[in-house]
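Worksheet: one structure, shown below.
The values are calculated or read from the model by the stated rules, or taken from the named source; none is laboratory data. On a predicted model such as this, the values are computed, not experimentally measured, just so you know. Note that we place each Cβ from the backbone using ideal geometry, even for glycine, and neighbour counts take in every protein chain shown.
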Amino acid sequence: MRELVYYIGVSIDGRIAGPGGEYDFYPQGDEEQAAAYSAWMTERYPETIPTMMRPAFGLENTPNREFDTIVMGLGTYRPGLDQGFTSPYAHLRQYVVSSTFGPGEDPAVTVVPGDPLGLVRSLKQEAGKDIWLCGGGELAGEVLPEIDRMVVKSYPVVAGAGIPMVDGKFDPTPFAVTDRKSFDNGVVVNWFRRRS
């Protein structure tokens, strides 16, 4: 069965974005450090690079390795949409969960007005690669019962305020660390699997 994987970047204090949706405050290190980190993450998870940026990374014809579907909230989808990118991950099946957005502007993007748990459970029953939960925090809180694994990129910065990684009801959910990798720019990537 397919798994739901929350692949996300966070600050030390667990923020995935600032109060206004900012995400450009994550430190990348010097040019060499940033290039090494970017190259490694792009090779490991090429499908997480938005379609419009794939040519710059030489990924035009690179197959998806881990995911073939993305689920995101409106706050995650909106920045690309505001720049005119109606299908930011055209190389994936795209779902936007929003009760306020209405029908999508692009037929390649399916807008789901409610029941994100039902959506995820349905997608997990289908054949294919795993499902990327891209954000945001409120959506992660709603689908927490179905998150099988997490890939958390922890950046060495405190945001102080902003959107939490998971925003929902109090529901302690144990995960086990399955792998960890540190980079010279201070980023630490942790891989987690839900404990049964």
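Where strands (runs of 3 or more DSSP E) sit wholly within segment 132-196, those with at least 2 residues that are among the hydroxyl-bearing types (Ser, Thr, Tyr) occupy 175-182. Of the residues making up segment 98-128, those that are outside any strand (DSSP E or B) and either among the hydrophobic types (A, V, I, L, M, F, W, C) or surrounded by 17 or more Cβ atoms within 10 Å (Cβ to Cβ) (or both) are Ser98, Phe101, Gly104, Ala108, Pro116, Leu117, Leu119, Val120, Leu123, Lys124, Ala127. The number of residues in segment 29-61 being of a type in the set (Asp, Glu) and under 24 Å from Arg78 (Cα atoms) comes to 2. No other residue among Val151, Val143, Val120 is in contact with a Pro (Cβ under 8 Å, 6 or more places away or on another chain) and not basic (Lys, Arg) apart from Val143.
Here Gly84 meets the list (1) in contact (Cβ under 8 Å) with a residue 12 or more places away in the chain; (2) under 24 Å from Ile163 (Cβ atoms); (3) of a type outside the set (A, V, I, L, M, F, W, C) almost entirely, failing just condition (1). Quick check on segment 87-97: of everything there that is in a loop (DSSP other than H, G, I, E, B) and of a type in the set (A, V, I, L, M, F, W, C), which residue is modelled with the highest pLDDT? Selected residue: Leu92. Output the number of residues of segment 62-86 satisfying the condition of being over 16 Å from Arg44 (Cβ atoms), touching a strand residue (DSSP E or B) at 6+ places or on another chain (Cβ under 6 Å) and not in a helix (DSSP H, G or I). Of the residues in segment 62-86, 5 are over 16 Å from Arg44 (Cβ atoms), touching a strand residue (DSSP E or B) at 6+ places or on another chain (Cβ under 6 Å) and not in a helix (DSSP H, G or I). Name the pairs whose Cβ atoms lie under 9 Å apart, with the first residue in segment 108-131 and touching a residue at least 40 places away in the same chain (Cβ under 8 Å), the second surrounded by fewer than 12 Cβ atoms within 10 Å (Cβ to Cβ), and 6 or more positions between them or separate chains? If the second residue must be surrounded by fewer than 12 Cβ atoms within 10 Å (Cβ to Cβ), the pairs left are Lys124/Met1; Gln125/Met1.
Would you please name the residue that is nearest to Gly114 (Cα to Cα), looking only at residues in segment 131-142 that are touching a Lys or Arg at 6+ places or on another chain (Cβ under 9 Å) and surrounded by fewer than 24 Cβ atoms within 10 Å (Cβ to Cβ)? It comes out as Gly141. The single condition among (1) crowded, with 18+ Cβ neighbours inside 10 Å; (2) touching a Ser or Thr at 6+ places or on another chain (Cβ under 9 Å); (3) in contact (Cβ under 8 Å) with a residue 60 or more places away in the chain that Val157 does not meet is (1).
The set of residues from segment 30-61 being surrounded by fewer than 17 Cβ atoms within 10 Å (Cβ to Cβ), part of a loop (DSSP other than H, G, I, E, B) and either modelled with pLDDT of 95 or more or under 16 Å from the mean Cα position of the chain (by Cα) (or both) comprises Asp30, Pro50.
Taking each residue of segment 50-68 that is in contact (Cβ under 8 Å) with a residue 60 or more places away in the chain and looking for partners that are among the aromatic types (Phe, Trp, Tyr) and assigned to a strand (DSSP E or B) with beta-carbon atoms closer than 7 Å, six or more apart or interchain, yields Phe67/Trp132. For the structure I just gave you, tell me whether Gly137 is on the phi > 0 side of the Ramachandran plot, modelled with pLDDT of 95 or more and touching a strand residue (DSSP E or B) at 6+ places or on another chain (Cβ under 8 Å). So Gly137 fails the test.
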